[in-house]
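Working notes, structure below.
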Amino acid sequence: GFASSQGFHILKGLLGIIVEGNIASGKTTCLEYFSRTSDIEVLTEPVSKWRNVRGHNPLALMYQDPERWGLTLQSYIQLTMLDRHTSTTEAAVRMMERSIFSAKYIFEENLFRSGKMPEVDFAVLSEWFHWITANMSIPVDLTVYLQTDPETCHRRLKQRCRETEEKGITLEYLQAIHELYEDWLVRRTSFSLPAPVLVIPADGDHQDMMLKYEENREQILAAAIF
Ligand SMILES: Nc1ncnc2c1ncn2[C@@H]1O[C@H](COP(=O)(O)OP(=O)(O)O)[C@@H](O)[C@H]1O
Ligand SMILES: Nc1nc2c(ncn2[C@H]2C[C@H](O)[C@@H](COP(=O)(O)O)O2)c(=O)[nH]1
């Protein structure tokens with residue numbers, strides 16, 4: 001969505017939930033479950049924007065040559081996430097797939113740590129991220145972490161396998177992303193937490209996960225009542 005025409009955001013009283021997890025951990029499926037609940041606004045990841053910005057596909061470019069195109073993709077993802085976080089809504093609860101935080105702490109961090117992002121690119125992106133998070137209010141009240149084994153994601157990814165971009169996703173890449181999530185949300189040894197974390201083991205099958213969402217539903221939506 002776009003900011004209201006007056007340029008201000010009506011976000012008072014909004015419960016902001018972000019759903020985090022590895023690639024193919026089941027985030028979209030989780031959001032689909034909660035989208036069936038009234039008065040929750042569900043915002044999936046704007047992957048379609050990352051695949052087509054004025055005719056260019058920065059997602060594909062990054063998978064082809066991360067050193068050259070990592071900055072381009074991360075810069076645009078940061079903008080699209082910021083737009084999602086701050087767009088106006090009438091709903092009492094907003095559930096978002098991932099966040100401006102995981103774009104920085106997980107994916108951008110991985111590009112930099114694996115030597116695929118030049119230090120100057122990382123420095124400029126970090127300056128943007130720190131300015132944004134210091135000067136704008138990003139409404140996040142709960143982080144739901146779908147915790148999976150990288151092997152599970154690798155198996156599921158083979159089933160889904162989005163167009164060409166993701167053909168090159170290796171188990172090693174999923175393991176690196178997994179460890180960064182575990183450092184951030186479970187071991188809490190890397191970056192600050194924007195909100196309390198609810199960890200949901202997500203290796204189970206569809207039926208098992210629907211049960212888990214039902215079991216956790218009250219806790220996830222609780223803050224919206226107060
Ligand atoms: N609990 C599950 N068991 C088996 N397959 C699943 C489960 N949840 C999702 N999938 C499948 O795995 C793939 C990734 O799921 P998806 O919800 O798109 O994950 P994400 O949004 O985290 O990438 C999809 O093909 C989906 O049908
Ligand atoms: N380099 C980055 N890639 C990202 C980021 N966020 C998501 N992604 C990639 C991973 C997948 O190929 C695709 C969608 O992710 P799903 O987990 O929804 O399958 O986009 C990012 O910040 N940087």
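The values are calculated or read from the model by the stated rules, or taken from the named source; none is laboratory data. Predicted model only: the values in this text are computed from it and were never measured. Cβ atoms come from the backbone with ideal geometry, glycine included; neighbour counts cover every protein chain shown. Heads up: the accessible areas ignore ligands, DNA and RNA and are worked out on the full protein's heavy atoms, side chains in. Shrake-Rupley method; radii C 1.70, N 1.55, O 1.52, S 1.80 Å.
If the elastic network links every pair of Cα atoms under 10 Å, which of 44, 170, 89 fluctuates the most in the Gaussian network model of the chain?
170
Please identify the DSSP H helices in the chain that span no less than 20 Å along the helix axis (Cα) and have a mean Kyte-Doolittle hydropathy of -1.0 or more. List each step's numbers first, then the result.
Values: long enough: 66-86 (30 Å, -0.56); 119-135 (24 Å, 0.32); 206-225 (28 Å, -0.58).
Span-like helices in the chain: 66-86, 119-135, 206-225.
I want the local charge near residue 70. Using Cβ-Cβ distances under 9 Å, sum +1 for each Lys or Arg and -1 for each Asp or Glu among the other residues.
Within the 9 Å Cβ shell, the charges total -2.
Please check the chain for the longest run free of GluC sites (Glu not before Pro) that are loop-located per DSSP (anything but H, G, I, E, B) and have at most 16 other Cβ atoms within 10 Å.
It runs 1-89.
Which of the chymotrypsin sites (Phe, Trp or Tyr not before Pro) found in segment 100-166 are in a DSSP loop and have at most 11 neighbouring Cβ atoms, other than their own, within 10 Å? Don't skip to the answer; put the middle values down first.
Values: sites: 101, 105, 107, 112, 122, 128, 129, 131, 145; in loops: none.
Within segment 100-166, no chymotrypsin sites (Phe, Trp or Tyr not before Pro) qualify (loop, at most 11 other Cβ atoms within 10 Å).
In whole percent, and with a 1.4 Å probe on the protein chains, what portion of the accessible area of segment 15-223 is carbon and sulfur?
Roughly 52 percent of what the probe reaches on segment 15-223 is carbon or sulfur.
Just tell me the longest site-free run in the chain, where the sites are trypsin sites (Lys or Arg not before Pro) in a DSSP loop having at most 10 other beta-carbon atoms within 10 Å.
55-226
Using a Förster radius of 35 Å, what is the FRET efficiency between residue 51 and residue 218 based on their Cβ-Cβ separation? Nearest 0.05, please.
0.45
Cα centroids of segment 111-158 and segment 73-88: how far apart, whole angstrom?
12
Spin-label point model (7 Å from Cα, Cβ direction): what's the residue 136 to residue 172 distance in nm?
So the label points at residue 136 and residue 172 sit 3.5 nm apart.
In whole Å, largest first, what are the principal axis extents of the Cα atoms in the chain?
Reported extents, whole Å, longest axis first: 46, 45, 37.
Under 8 Å for C-alpha pairs, at least 6 residues apart: give me the relative contact order for segment 15-223, rounded to a whole percent.
Rounded, it is 31 percent for segment 15-223.
Quick one: how many lysine pairs in segment 15-223 have C-alpha atoms under 28 angstrom apart, if they're 8 or more apart or on different chains?
Lysine pair count for segment 15-223: 17.
Would you grab the residues whose amide H sits under 5 Å from the one on residue 89? Only those 5+ places off in sequence or on another chain, please, with H modelled 1.01 Å from N.
Here the answer is 10, since their amide H atoms fall under 5 Å of that of residue 89.
Could you state the accessible area per residue of the chain in Å², with a 1.4 Å probe and every protein chain left in place?
50
So who's got an amide H within less than 5 Å of the one on residue 43, skipping anything under 5 residues away but keeping other chains? H placed 1.01 Å off N, in plane.
95, 96, 97
Quick one: which residues, 5 or more positions from residue 199 or on another chain, have an amide H under 5 Å from its amide H? H modelled 1.01 Å from N in the peptide plane, none for Pro or chain starts.
Distant-sequence amide H within range of residue 199: 145.
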